Amino acid sequence: MRTYRKFAVYLTIYLGDRLPPYYLGSAAVVKLEDGYHGSATSARWGAIWKQELRDNPHLFRTYIIPGQYADTAQEKIDLELKWQRIFDVVDDEQFVNQAYANGGFCST
């Protein structure tokens, strides 16, 4: 059964050994329900992320952070940024993220 909330913040866990284990992002709920795992596009990780998604999709698990839903794209970005700062995703080597969320990129 699909939820009617528009957007959510999620955590993707990568179980392989070619990337850091975590990616934190936000996306449309329907996209997440359809199997979306995120879009790592950095020069450092982007190509490996895409290759692993293509060749080893079974290594990715994506979970919506409970209660972290938004109804507008701006609310979505604000929530994502809040969580990214809590986990300091840019400076923590455990995260694939190489930049904080902003209004310039929207995964929906």
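Some notes on this structure:
- Only residues that are under 14 Å from A99 (Cβ atoms), at pLDDT 95 or above and in contact with a strand residue (DSSP E or B) (Cβ under 7 Å, 6 or more places away or on another chain) were counted in segment 39-59, giving 0.
- Test result for A73, modelled with pLDDT under 95, open to solvent by less than 50 Å² (accessible area, probe 1.4 Å) and touching a Leu at 6+ places or on another chain (Cβ under 9 Å): no
- I64 vs. criteria surrounded by 16 or more Cβ atoms within 10 Å (Cβ to Cβ), farther than 19 Å from G16 by Cα and either of a type outside the set (D, E) or touching a residue at least 24 places away in the same chain (Cβ under 8 Å) (or both): yes
- The residue pairs whose first member lies in segment 4-29 and is over 22 Å from R85 (Cβ atoms) and without any contact (Cβ under 8 Å) to a residue 40 or more places away in the chain, whose second member is outside any loop (DSSP other than H, G, I, E, B) and open to solvent by 30 Å² or more (accessible area, probe 1.4 Å), and whose beta carbons are closer than 6 Å, counting only pairs six or more residues apart or on different chains, are R18/I48.
- Put simply, of T12, T62, T72 the only residue that is among the β-branched types (V, I, T) and under 17 Å from Q98 (Cβ atoms) is T12.
The values are calculated or read from the model by the stated rules, or taken from the named source; none is laboratory data. All values reported here derive from a predicted model rather than from experimental measurement. Note that we place each Cβ from the backbone using ideal geometry, even for glycine, and neighbour counts take in every protein chain shown. We work out accessible area using only protein heavy atoms, side chains counted, and drop any ligands, DNA or RNA first. Shrake-Rupley method; radii C 1.70, N 1.55, O 1.52, S 1.80 Å.
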